[in-house]
Amino acid sequence: MAKKVSIKDIAAAAGVSATTVSIVLNGRAREMKISESMALKVEKLAEKMKYRPNHFAKGLRTGKTNTIGLIVDDISNYFFGHLAKVVEEEADKKGYTVMFCSSENNEGKSRNILNMLVDKHMDGYIIAPTTFMLPELEKLIDEKRPTVLIDRYFPDLNSNYVTVDNFNGSLEAVNHLAYKGNRKIALVTNDTDQIQMQQRIDGYMEGLKKNGLVFEKSLVKKIPFGWPEQKQVKELAQFFNKQKANFDAVFFTSNNLGVAGLEAFSNMGITVPEQVSVICFDDNDLFRLGKPGITVMSQPIKQMAKKAVEVLVRQIEQSGTEPSHIVLPTQIIERESVR
């Protein structure tokens, strides 16, 4: 393995001190009255010698690493994958790099990766929190470490957060189904205490009430987080088969559940929208490109990510700012899955 190039190596090649090289590479040459020709010589040597700065070591000296830790449930999920991409792009514009981690909504893993990122002296954190993370998040907030929660939050935690109006998004989804004439609307959701899912369930309940529809507990199916997709498909097929004559529409509260539900319908020979109307909270490429296209309550992923980075960088660079609570609206995208 080739030896890693250090500041001392560049200094020896340039015939200057390591301090001079450090000043140039930190962009302070003009401030420290180092000549342009010398600064250029050092920069070219650093590039030629493929010097890679150790941001974490620098952070120990300066208290700043220009890195942001991002924790999401599953980076392969459509929502979180797109969210992470925009977070990375927006952070780069502001001079920060991003370290990604997936919690998989697992207690041990979610707490371990959060502690790992804290140990690496990140400047700040953007986190889609699991319920298990609350003790660690309370500690982060108490220590005044810049933190923004995204997609979900804890009402009793005085933190920054960026989320969507889950309640009204679900209410609009049920209103749309009812307006189209659907009267028995089943709900497929995750079995979790996370606030965003509870708000979506509450919106569903309010939608039934506002449209004069009867709530039937048997038409609500809760799927545990973390189940493999094929296990979800099998469980949903059993649920749909059992309730076959009792529903004319299904509202899925997340895109991964929607994908599993559509596969279950396909396996059962149930056609959308001829036999059942479908609407899903959050979009997916399959919903947009498949036939029929699936009507969705779309989340403003790009806006969420941009706001989260803006709030975090402001907190990093202006300590003592008051917590920001940002709630963005969803938007219905009508396709062919609702009759």
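The values are calculated or read from the model by the stated rules, or taken from the named source; none is laboratory data. As the structure is a prediction and not an experimental result, all values here were calculated from the model. For neighbour counting, all protein chains shown are included, and Cβ atoms are generated from backbone atoms with ideal geometry for every residue, glycine included. Side chains included, ligands, DNA and RNA excluded: accessible areas come from the protein's heavy atoms. Shrake-Rupley method; radii C 1.70, N 1.55, O 1.52, S 1.80 Å.
Both radii come from the Cα set of the stretch 223-291: Rg as radius of gyration, Rh as Kirkwood radius; their ratio Rg/Rh reads 0.93. Taking every DSSP helix (H) stretch of at least 4 residues in the chain, weighting each as -39,500 (n - 2.57) and dividing the sum by the residue count yields a mean residue ellipticity at 222 nm of -14000 deg cm²/dmol. Highest mobility in the GNM of the chain, judged by mean-square fluctuation with C-alpha springs under 10 Å and restricted to Leu312, Leu25, Leu70, is found for Leu25.
Normalised radius of gyration (Cα atoms, divided by 2.2 N^0.38 Å) for the stretch 1-158: 1.30.
Counting every C-alpha pair in the chain, the share spaced more than 38 angstrom apart comes to 31%. Placing unit charges on the Cβ atoms of the charged side chains and taking the dipole of the chain about its Cα centre, the candidate lying farthest along the positive direction among Val118, Ser35, Trp227 is Ser35.
Rounded to the nearest 20, the size of the Cβ-charge dipole of the chain about its Cα centre is 940 debye, with Lys and Arg at +1 and Asp and Glu at -1. Here the dipole of the stretch 65-154 is about 140 debye; that uses its Cα centre as origin and unit charges on the Cβ of Lys and Arg (positive) and Asp and Glu (negative).
Kirkwood-type hydrodynamic radius, the stretch 109-255: 17.3 Å, calculated from all non-identical alpha-carbon pairs. Considering all different alpha carbon pairs of the stretch 82-155, the Kirkwood hydrodynamic radius works out to 12.9 Å.
If the chain linking Lys234 and Lys33 were pulled fully straight, counting 0.36 nm for each residue of separation and taking away their Cα-Cα distance, it would gain 65.4 nm.
Its Kirkwood hydrodynamic radius, worked out from the mean inverse distance over all distinct Cα pairs, puts the stretch 199-339 at 17.1 Å.
Look at the dipole of the chain built from charges on Cβ: of Val86, Phe100, Tyr51, the Cα furthest out on the positive end belongs to Tyr51.
The alpha-carbon positions of the stretch 171-260 define a convex hull whose volume is 87 Å³ per residue. With every protein chain in place and a 1.4 angstrom probe, the accessible-area ranking of Leu289, Leu262, Leu114, Leu40, largest first, reads Leu289, Leu40, Leu262, Leu114. Beta bridges per DSSP, both residues in the chain: antiparallel share near 10 percent. Please give the net charge around Asn267, taking every other residue with its beta carbon less than 13 angstrom from that of Asn267, where Lys and Arg add +1 and Asp and Glu add -1. Around Asn267, the surrounding residues sum to -2. For the stretch 296-339, a simple Cβ point-charge model (Lys and Arg +1, Asp and Glu -1, everything else neutral) yields a dipole of about 160 debye relative to the Cα centre.
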